[in-house]
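Working notes for the structure below.
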There are 2 protein chains.
Amino acid sequence: MKPNVAAAKAALSHLDIEKSPSAIRAKSRDFFWYSPVLKARLDHVEADFVVAPRDEAEVIEVLATCYAHDVPVTTRGAGTGNYGQAMPLAGGCVMHLQNMNRVRDVQPGRVICEPGILLKDLDAHCRAHSGQEIRMFSSTWATATIGGFVAGGSGGVGSCTWGSLRDLGNIIRLRVVTMEETPRVLEFRGEELARVSHAYGTNGIITEIEMPLAPAYDWVELFVAFDDFAPAMDYAEGLGNEDGILLKLATVFEAPIAHDYFQRVRPHVAEGQSLVALMVAPQSMDGLLTFTARTPGARIVYRSDASDWEKAPGRIFEYTWNHTTLRALKVDPSITYLQVRYGFPDHKALVERIRAQFSPEVLQHLEVLRENGKAMFAGLSLVKFTTEDRLDEIVRAHEDAGAMIFNPHRYTLEEGGRQSVDDRQLAFKREADPKGLLNPGKMIAWDDPDWSYERMYAYPGLRAAE
Amino acid sequence: MKPNVAAAKAALSHLDIEKSPSAIRAKSRDFFWYSPVLKARLDHVEADFVVAPRDEAEVIEVLATCYAHDVPVTTRGAGTGNYGQAMPLAGGCVMHLQNMNRVRDVQPGRVICEPGILLKDLDAHCRAHSGQEIRMFSSTWATATIGGFVAGGSGGVGSCTWGSLRDLGNIIRLRVVTMEETPRVLEFRGEELARVSHAYGTNGIITEIEMPLAPAYDWVELFVAFDDFAPAMDYAEGLGNEDGILLKLATVFEAPIAHDYFQRVRPHVAEGQSLVALMVAPQSMDGLLTFTARTPGARIVYRSDASDWEKAPGRIFEYTWNHTTLRALKVDPSITYLQVRYGFPDHKALVERIRAQFSPEVLQHLEVLRENGKAMFAGLSLVKFTTEDRLDEIVRAHEDAGAMIFNPHRYTLEEGGRQSVDDRQLAFKREADPKGLLNPGKMIAWDDPDWSYERMYAYPGLRAAE
């Protein structure tokens, strides 16, 4: 451990510092290993020490101390991100927010909480308080934190109704601490939220979050099978356009995803069947059944409110979003994925074009998502990985066809996003992190403003494997 | 009074029968007089007697008795419809459901009630019970009944989010009594709902309603002024497409509607200003303000949560939907209106085309409405009435341009709708009303299956003025 790092650690020794080496390793890692590309580059990455502040004052102390000693700080929640968001590339301090898990206030339509609370616990609190829940969550609901979701996520279960986290109204307020000699505490709303949401903790640390809530219904979870892919896609999109049917989730799995990778679903679908997963409000079930009866070939194989399955499938959202990839990976370790945007109004044609070109090397997994008021698709396609070159070729083919890729085989904000500099985030980093110590290596614009994106960015400060 | 009618009345004399001649006249009339065309034809229409059953058993008794005596029965709620829905064209019995106003059950996301409860009272009950309210309501919320809304309405405040009443999921279940020798009681869900919803009580009488509910927030009500019409329209539509901003209402009034017809708003807008009315969930206000700040020229002139108006405008939805027409009519009795559908994706271009052709003879009043998942417009255009021929000419010009008209100057289901026979409603009328006694004259398909729609339908059984 370098002397400056050791000094910072010593200065923070009265805080909750992780002692177990295996826990330090575990808390230095996120789910970057979904990507063979990131796995090859980041597997050795580890923090020098891990600290878990108990409140905002301790966050300030950690940041001021590390600032004084020039120690990098990578902040994380549960580390369930897949873009290497929480990987401490330059070592130093990992600041874990697990202790900051209080709910401060629940009101009709909103909650105020600390960042380290699990999505699951936050929902349980809001449901018990007043029958409410968060509008959207990642499929890692049971293990992920709200702060990690806001700082490193983009949307999820609920986005078929509410759109993405970046849409106006889906985050109300963030309280943020800067990393300066004397850290400042700032409150962001409205236009200012974009400075720090989805910024991987590169330019400020979120210490309080105000989120909108929606009613917590006893969502009915369904699987609906189709003999062909196109009718499954049409059905899911059609439901997404039914204004009177309240959905929390609508997912399409191309065959043979369900049969090959979903162990408990396997007895109920044929290899050639595509599957749709749904979460529907109970008061919308009559509408759902009517819509389904109008759809030739749609066959409901599971509904959580009337199941005859010997082995229950568990929560259905844990088959969707990036849990699809996880389930596939468990069966076939050579599987990885891509994150794709199929935008309205060409979304269905685009999916079919990509599918014609790449299936089954690339299998379509679509999430119905609202964007600018229109139902379209986020794709979390399953990719049979062979080489990095082939993966890059597949990415390029998507982009050439007009499908935007949020590349999960890159660890920078820009490469995982729209491959362009976010001026608001960069400008705020100049203010809030003048020494560039917050989650270093994740914002190309900070390191290398003239980067051309022709190849994968390699952070020069990435600590070498020993 | 004809002997058969007198006999039916006598047989029902133990029920709640209206005695006052002025009340009989009042309860024989709805808001048909918004239309000069209907006013010229229906002003003399009056029931022979008015009965108000207290429960379903009494509804059955009324229907069986009137069936036995061949007496027409026109059923109504508060009579706030504008298409003459509740006008007893052939006289006979008006059955008023004011006594059937019980709420039977409220659950998360749904309510079961009788048809005669006022929308306002239903909402008050659901809010007190569990912070819920109905998804959509007519601007006559304070005086209209849920049964009248379901049987004679199409949508309203809330339709910018939830679509129309006819959309799957916006009505869950209807309990219906037929008019046969021995009336039957039927329960309709799903596909069957279309038989009797929006059928003006021509083919069955609704005695119980199950509707979905949404959370009852303390909606913030706003007026936003613009110097030009197009930016006002863009703003309202843009808000309708913001998936993270929860709206209950987004309305556009072309200048000088607000200045000329909205007395309490007049001091706050110039004659040339177009106005947008909004109802926004409190947790979405930051998003709303951010969106508004992005819109050049948008000026918030009123918000209910921070008003400095000397005279409060009252509930903002009472300026919208058909209350706009009502307010204009009060100032200028020569005003009437049209009901227009401007469908996605041509809605804005279509509005501009019509406006270029007809403003200010026709002033645009637009309601943002969701249809098949897309924000578009329902127009309730204000029309300066001169002659019936000119009104017909304006209607034709809309249709020629591609804007569908639901003509509120006609009293039949078909002419006020899509000018085509609804086979499901007709088929059910054959079953449920074999003598054709329910609200006679309102379903052309029943009276004259070969009607060509070339001119206004005139019901041959319309009782002559005395």
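A few remarks follow.
- Relative contact order computed over chain A (Cα-Cα under 8 Å; 6+ residues apart), in percent: 16 percent
- Aspartates and glutamates whose Cα lies under 18 Å from that of A:K311, excluding same-chain neighbours fewer than 8 positions away: A:E221, A:D260
- Helix B:119-130 vs. chain B, principal-axis angle (Cα, 0 to 90°, nearest 10): 70 degrees
- Percentage relative contact order, segment B:305-394, counting C-alpha pairs under 8 Å, at least six apart: 30 percent
- Across chain B the C-alpha pair distances fall into 10 Å bins from zero in the proportions 4, 21, 31, 26, 14, 4, 0 percent.
- Each of A:G158, A:Q107, A:L118 was scored by the projection of its Cα onto the charge dipole of segment A:103-216, and the greatest displacement toward the positive side belongs to A:G158; charges sit on the C-beta of Lys, Arg, Asp and Glu.
- Phi-based couplings in Hz for segment A:274-284 (Karplus 6.51, -1.76, 1.60; Gly and Pro marked x): 8, 10, 10, 9, 9, 10, 10, 5, x, 6, 9
- Estimated FRET transfer efficiency when R0 is 41 angstrom, pair A:E431-B:R264 (beta carbons, to 0.05): 0.35
- Annotation: amide H-H contacts under 5 Å for B:K248 (H modelled 1.01 Å from N, sequence separation of 5 or more, or interchain): B:M279, B:V280, B:A281.
- Accessible surface computed residue by residue for chain B, with neighbouring protein chains in place and a 1.4 Å probe, gives 36 Å² per residue.
- The B:E191 and B:S307 beta-carbon pair, evaluated with R₀ = 35 Å, returns a calculated FRET efficiency of approximately 0.15.
- Principal axis box of segment A:103-216, alpha-carbon based, largest edge first, Å: 43, 26, 26
- For A:V301, the residues whose modelled amide H falls within less than 5 Å of its own, excluding neighbours fewer than 5 places apart on the same chain, are A:F223, A:V224, A:A225.
- Segment B:103-216: relative contact order in percent, alpha carbon pairs under 8 Å with at least 6 residues between: 32 percent
- Proximal charge balance of A:G314 [Cβ under 13 Å; K/R count +1, D/E count -1]: +2
- Other-copy label distances relative to B:D450, 7 angstrom Cα-Cβ extension, nm: 8.5
- For the pair segment A:64-105 and segment B:104-179, the centres of their Cα atoms are 49 angstrom apart.
- The magnitude of the dipole of the protein assembly as shown, with charges of +1 and -1 set on the Cβ of Lys/Arg and Asp/Glu and taken from the Cα centre, is near 1020 debye.
- Rounded tilt (10° steps) of B:388-401 against the dominant C-alpha axis of chain B: 60 degrees
- Taking label points 7 Å from Cα along the Cα-to-Cβ direction, A:A142 and A:S359 give a separation of 3.0 nm.
- Area accessible to solvent at A:I335, 1.4 Å probe radius, in Å²: 10 Å²
- Nonlocal amide H pairs with A:G92, under 5 Å, H built at 1.01 Å: A:D48, A:F49
- Rg [Å, one decimal], Dmax [Å, integer] - segment B:327-400, C-alpha atoms: 12.7, 38
- Estimated buried accessible area (total), pair A and B, 1.4 Å, Å² to nearest 100: 3200 Å²
- Cβ-Cβ FRET estimate between B:D105 and A:Q107, R0 fixed at 22 Å, reported to 0.05: 0.25
- Share of carbon and sulfur in the accessible heavy-atom surface of segment A:220-405 [1.4 Å probe, %]: 48 percent
- Inter-probe distance in nm under a simple model that places probes 7 Å from Cα toward Cβ, at A:A7 and B:D423: 8.6 nm
- Model label points for B:R166 and B:A23, set 7 angstrom from Cα along the Cα-to-Cβ axis, are 3.7 nm apart.
- Rg/Rh for segment B:353-450, where both radii come from Cα atoms and Rh is the Kirkwood radius: 1.06
- For B:K384, the lysines whose Cα comes closer than 26 Å to its Cα, not counting residues fewer than 8 places off in the same chain, are B:K39, B:K330, B:K348.
- Residues of segment B:266-293 buried by at least 50 Å² on assembly (accessible area, 1.4 Å probe, chain alone as reference): B:Q283, B:D286, B:T290
- Descending semi-axes in Å of the protein assembly as shown, equivalent ellipsoid built from Cα gyration tensor: 58, 30, 25
- Taking the longest Cα principal axis of chain A as reference, the axis of helix A:229-240 is set at about 70 degrees.
- Estimated vicinal HN-Hα couplings, Hz - segment B:154-166 in sequence order (Karplus 6.51, -1.76, 1.60; Gly, Pro = x): 10, x, x, 5, x, 6, 5, 10, 9, x, 9, 4, 6
- Nearest-to-axis residue in chain B, judged by Cβ distance to the rotation axis that brings B onto A and given in whole Å, is B:P215, 3.
The values are calculated or read from the model by the stated rules, or taken from the named source; none is laboratory data. Computed from a predicted model, the values in this text were never measured in an experiment. FYI the Cβ positions are ideal-geometry reconstructions off the backbone, even for glycines, and counts take in every protein chain you see. Note: areas computed on protein heavy atoms with side chains; ligands, DNA, RNA excluded. Shrake-Rupley method; radii C 1.70, N 1.55, O 1.52, S 1.80 Å.
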